[in-house]
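The values are calculated or read from the model by the stated rules, or taken from the named source; none is laboratory data. Worth saying up front: this structure is predicted, and the values here are computed from it rather than measured. Note: ideal-geometry Cβ built from the backbone for every residue, glycine included; neighbour counts use all protein chains shown. Protein only, heavy atoms only, side chains kept; ligands, DNA and RNA dropped before computing areas. Shrake-Rupley method; radii C 1.70, N 1.55, O 1.52, S 1.80 Å.
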Amino acid sequence: MKKLNIEKLLKSNYVGYKANVPDLPIKLSRNENPYDIPKEIKEEVLNELLNTPWNRYPDGQSLRLRNKLAEFLNLSAENILVGTGSGELIQLVFNGFLEEGDRVILPVPTFPLYEKLLQQRKIEIIKVFLNKEDFSLNFDLLKNYFQYNPKILVITNPNNPTGNFLLKKEDFEKIKDFPGIILIDEAYYEFSGLTFLSHTETFPNVIILRTFSKAFSGAGIRLGYLISNSKIVGYLNNFKLPYNVNVFTQIAGERLIEKWDLLKNRIEIIKRERDRVFEEMQRLKDIKVYPSETNFILFRSEKIYEILKKCEEEGIALRDFSKEPLLENCLRVSIGDRRENDIFIKVLKEVCI
């Protein structure tokens, strides 16, 4: 029997998306909400979970959860699709709309998962580099590529890791004639306050993507949702795996929506802390700090390795983006609670004063 060479079956040049950050006590590397879900809400979820059969499949259409979201967003459940985090939904959009040889426009730098998922298929990625000074999007450059009939335009708004708007309200006019799907990732909408949700009613090619991982303190429950017109949602539902959202995630999502009034108060605390940290960083030498509409701040420094080393000694994990396009010597810090932020500022002052 001929020995199988397994290497020939592997995509040897593909490297998956891995956020390589140290596991340290003060986690300021992954843009998580620093405040956990209150214990009483967890107990409600667990009590309902105890009374839910585990030997039965979950509702494959997550109807109760989608109805809750529909009421929360003032939409119809037919406009909403839910998934195990927004990552699954990004993959769903790519599976639903992309065929071999298609083109996708990706402003860069942006959320690295987009490029990693696109690299899994034979797709031409058209990278539109942001302006180096302020990471704004050059719409004239962007529109030059419309003539090549790209299938999808991805816009992360506000953008991760830069923290700024790529698309302001008045800018939609500049992309409304895009010939394919416009995917607007609003993972940080609750911090920025800017949404293009209403455009899903007027423009049939607009898809909005959101997550429970940030403002809802739900990174651990793995829940995201997609909003578009009912035809696109119905179409993408064909590409969704059956029973993709488990019973725990569905129940937790429902409870978090019900408790939104309690959770949203924390957003204001995070935003105040972000502004305070930003002002403290602006006073330091050897650092250029970029304004943010999110729960994180991007900054540039020639001393990044000193900063990373000192932070690690103090138990602080940051995200290093220095090897990404346009982000030489850049680090990103997520906003923690006041104590964590104070320790981070203290470290910066020791290195940069």
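Rank Tyr243, Tyr235, Tyr225, Tyr145 by accessible area, highest first, at a 1.4 Å probe radius?
Descending accessible area places them as Tyr243, Tyr235, Tyr145, Tyr225.
Any lysines with Cα under 16 Å of the Lys240 Cα? List them, leaving off those in the same chain fewer than 8 positions away.
Lys231
What list of ³J(HN,Hα) values in whole Hz, one per residue of region 170-175 in order, does the Karplus curve 6.51 cos²θ - 1.76 cosθ + 1.60 (θ = phi - 60°) give from phi, with Gly and Pro shown as x?
Couplings: 6, 7, 4, 4, 6, 10 Hz.
Give the long-range amide H neighbours of Phe296: residues separated by 5 or more places, or on another chain, with amide H under 5 Å away, using H modelled in the peptide plane at 1.01 Å from N.
Close amide H contacts, sequence-distant or interchain: Ile335.
Order the following by accessible area, largest value first: Ile207, Ile287. Probe radius 1.4 Å; ligands, DNA and RNA are ignored.
Per-residue accessible area, sorted high to low, gives Ile287, Ile207.
For region 1-118, divide the Cα radius of gyration by the Kirkwood radius and give the resulting Rg/Rh value with two decimals.
The Rg/Rh ratio comes out at 1.05.
For region 294-353, what class follows from the C-alpha gyration tensor (a ≥ b ≥ c being the square roots of its eigenvalues): rounded when a/c is under 1.5, otherwise prolate if a/b is larger than b/c, else oblate?
In terms of gyration-tensor shape, oblate.
Counting pairs of Cα atoms in region 258-336, how many percent are more than 21 Å apart?
Of all Cα-Cα distances in region 258-336, 33 percent exceed 21 Å.
Please list, in order along region 212-220, the HN-Hα scalar couplings obtained from phi with the Karplus expression 6.51 cos²θ - 1.76 cosθ + 1.60 (θ = phi - 60°), rounded to whole Hz, x for Gly and Pro.
8, 6, 9, 5, 8, 6, x, 4, x
Please list, or write none, the lysines whose alpha carbon is within less than 29 Å of the alpha carbon of Lys8, excluding same-chain residues fewer than 8 places away.
List returned: Lys18, Lys116, Lys122.
Does the chain come out rounded, prolate or oblate, given a ≥ b ≥ c as the square roots of the eigenvalues of its C-alpha gyration tensor, rounded meaning a/c under 1.5 and, failing that, prolate meaning a/b above b/c?
Values: a/c = 1.40, a/b = 1.14, b/c = 1.22.
It is rounded, given that a/c, with a ≥ b ≥ c, falls under 1.5.
Which trypsin sites (Lys or Arg not before Pro) from region 20-74 combine a DSSP loop assignment with at most 14 other Cβ atoms within 10 Å?
For trypsin sites (Lys or Arg not before Pro) across region 20-74 that sit outside H, G, I, E and B with at most 14 neighbouring Cβ atoms in 10 Å, the list reads Arg30, Arg56.
Residue by residue through region 84-98, what is 3J(HN,Hα) from phi via Karplus (6.51 cos²θ - 1.76 cosθ + 1.60, θ = phi - 60°)? Round to whole Hz and write x for glycine and proline.
7, x, 5, x, 5, 6, 4, 4, 5, 4, 5, 5, x, 10, 9
For region 1-49, with equal point scatterers placed on the C-alpha atoms only and solvent neglected, what are the log10 I(q)/I(0) values from the Debye formula at q = 0.25, 0.29 1/Å, to two decimals?
-0.98, -1.06
Shape call for region 189-271 from the C-alpha gyration tensor, a ≥ b ≥ c root eigenvalues: rounded (a/c under 1.5), prolate (a/b greater than b/c) or oblate?
Oblate, since a/c reaches 1.5 and b/c is not below a/b.
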